[in-house]
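What follows is a set of notes on a single structure, which appears directly below.
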Amino acid sequence: MTIETGRPDNLAELLRAGAPALSARWVELVAAPLRGRVSAPELERELTELYAAVLAGVESGSRDVQAAPYAETRALLSDLSRRRARAGFTPTETAIGVFALKQALFELVDRAEVDGSLGDVAAFSLLLDNLGLLTFETYAKAREEVIDEQAEQLLELTTPVVKLWDGVLAVPLVGTLDSARTQVVMEKLLEALVSTGAAHAIIDITGVLAVDTQVAQHLLKTVMAARLMGAECTISGIRPHIAQTIVGLGIEFGDITTKASLADALRHALRRSGVDVVAAQRGR
Amino acid sequence: MSAPREDIPIGADEDVVRVRQIVRSFAQRAKLSLVDQTKLVTATSELARNTLTYGGGGTAVVELLGEGRRQGVRASFQDEGPGIPDLTLALTDGWTSGRGMGLGLSGARRLVDEFDLDSEVGRGTTVTVVKWSR
């Protein structure tokens with residue numbers, strides 16, 4: 001191992017000369033913690049591509065990962081990190097993809113298989129650290145995207161419109177009722193009223209933790225819209241503490257029928273549509 | 001014991017939900033009854049939304065209070081928005097400068113034990129509420 005002051009070209013030369021050994025060892029190091037969750041040929045293809053991009057960047061003489069010569073490296077890394085994040089890999093498993101190259105180089109220099117000055121190795125180490133940070137940033141961003149998507153999916157999932165009886169629909173609401181959700185609820189309910197021809201709709205708020213003026217306003221608007229379409233709307237699931245809070249706030253539900261439980265609301269709806277529920281008489 | 005105080009920046013709709021959750025956990029720690037918990041949570045939900053909608057965002061500070069044998073929760077909402085020109089009008093049921101029901105501020109006052117409104121036009125508004133355990 002010769003110690004000399006690192007001129008930029010030395011590092012490029014080092015990476016070019018050590019390419020086969022370095023990328024082989026790199027793949028090996030990355031493959032170990034991933035334990036077969038990424039197939040070997042796939043990993044090899046990914047890393048060989050990345051290695052070529054890094055080498056091209058280093059050959060340009062620049063050591064700034066944000067500079068133009070590293071554009072391809074950045075694109076490849078972002079893509080890789082995004083895929084890892086989506087596939088549920090941990091941040092460590094993702095970042096090791098970059099940091100393992102450092103270890104591969106250290107090992108190689110240590111065994112004196114390639115000529116590497118301390119300056120070159122340090123410069124490359126710094127470069128890889130910066131690429132590692134880039135990986136992490138992309139990873140975090142991709143995870144945030146996943147969370148956003150899930151939140152959106154949840155919005156769709158948590159507002160089912162169910163048929164309780166012929167002509168009676170129910171919307172059980174759970175959790176927080178904000179403007180976006182109310183819009184979804186209203187649209188789904190109105191669509192269901194049209195498609196089923198139901199004359200009664202029950203909005204059940206047993207699962208809503210707090211009814212403030214915004215929630216109440218949203219509920220009132222939904223009821224009004226259903227009424228405009230000729231359906232009768234009942235709000236059910238108003239528990240004692242919610243009732244007291246609504247009174248305290250001074251919200252008036254006017255002539256809207258409200259019931260303590262979904263069962264009461266169903267009974268009310270059935271009675272209104274002329275169905276009487278009676279207990280079957282035994283021995284007849 | 002964890003810190004009996006929490007500062008929550010209010011800048012988006014999600015923050016209103018966060019305020020609600022934190023107030024609820026404080027109210028449980030202060031051993032408020034379910035009715036009182038719900039009242040306080042609803043009041044702070046109104047005030048947090050006011051901070052966001054009319055104050056253009058701000059900060060909520062939730063604190064656990066201990067006074068002898070009773071415990072309580074204090075929540076204060078501060079913004080540097082346009083302020084409230086007419087406090088009496090703002091506290092009137094059904095009056096709103098926006099598109100709400102006009103019950104948030106006046107309703108919140110009825111739901112808590114102590115209510116303090118401090119506003120200066122052009123400087124901002126601070127609303128502080130306290131609910132005690134019984």
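For the reader, a short list of remarks on this structure follows.
- Consider the stretch A:166-195 and keep the residues that are exposed (fewer than 15 other Cβ atoms within 10 Å of the Cβ) and over 23 Å from B:Asp15 (Cα atoms). The one that is nearest to the other protein chains (Cβ to nearest Cβ) is A:Glu187.
- Verdict on A:Ala140 being within 30 Å of the chain's Cα centre (by Cα) and either open to solvent by 70 Å² or more (accessible area, probe 1.4 Å) or outside the structural domain of A:Lys259 (by TED's automatic domain parsing) (or both): yes
- Residue that is among the hydrophobic types (A, V, I, L, M, F, W, C), more than 20 Å from A:Tyr139 (Cβ to Cβ), open to solvent by 30 Å² or more (accessible area, probe 1.4 Å) and without any contact (Cβ under 8 Å) to a residue 24 or more places away in the chain, where the choices are A:Ala71, A:Ala17, A:Ala24: A:Ala24
- Test result for B:Arg109, of a type outside the set (Phe, Trp, Tyr) and touching a Phe, Trp or Tyr at 6+ places or on another chain (Cβ under 6 Å): yes
- Residue ID - farthest from A:Gly248 (Cα to Cα), chosen from residues in the stretch B:51-85 that are of a type in the set (Asp, Glu) and modelled with pLDDT of 90 or more: B:Glu80
- Which numbered condition A:Leu219 fails, given (1) within 14 Å of chain B (Cβ to nearest Cβ); (2) in contact with a strand residue (DSSP E or B) (Cβ under 8 Å, 6 or more places away or on another chain); (3) open to solvent by 30 Å² or more (accessible area, probe 1.4 Å): (3)
- The residue that is nearest to the other protein chains (Cβ to nearest Cβ), among those in the stretch B:17-49 that are open to solvent by 40 Å² or more (accessible area, probe 1.4 Å) and in contact (Cβ under 8 Å) with a residue 24 or more places away in the chain, is B:Lys39.
- Residue match in the stretch A:156-164 (condition: more than 27 Å from A:Leu270 (Cα to Cα), within 14 Å of chain B (Cβ to nearest Cβ) and not β-branched (Val, Ile, Thr)): no
- Filter pass, A:Asp204 being open to solvent by less than 60 Å² (accessible area, probe 1.4 Å), among the charged types (D, E, K, R) and more than 11 Å from every other protein chain (Cβ to nearest Cβ): yes
- Meets criteria (away from chain B (no Cβ under 14 Å), open to solvent by less than 30 Å² (accessible area, probe 1.4 Å) and within 21 Å of B:Gly102 (Cβ to Cβ)) for A:Ile246: no
- Test set (1) open to solvent by 50 Å² or more (accessible area, probe 1.4 Å); (2) within 17 Å of A:Phe136 (Cβ to Cβ); (3) of a type in the set (A, V, I, L, M, F, W, C) - A:Leu80 fails condition number: (1)
- Checking the stated criteria, B:Thr92 turns out to be more than 20 Å from A:Thr176 (Cβ to Cβ) and within 14 Å of chain A (Cβ to nearest Cβ).
- Strands (runs of 3 or more DSSP E) within the stretch B:24-123 that include 1 or more residues under 16 Å from A:Ala210 (Cβ atoms): B:58-67, B:70-79
- Scanning the stretch B:1-14 for residues that are within 13 Å of the chain's Cα centre (by Cα) and either of a type in the set (Asp, Glu) or within 8 Å of chain A (Cβ to nearest Cβ) (or both) yields a total of 1.
The values are calculated or read from the model by the stated rules, or taken from the named source; none is laboratory data. Source: prediction; values computed, not measured. Please note: Cβ atoms are built from the backbone with ideal geometry, for glycine as well, and neighbour counts cover all protein chains shown. Ligands, DNA and RNA are stripped out before the accessible areas are found, and what is left, the full protein with its side chains, is counted by its heavy atoms. Shrake-Rupley method; radii C 1.70, N 1.55, O 1.52, S 1.80 Å.
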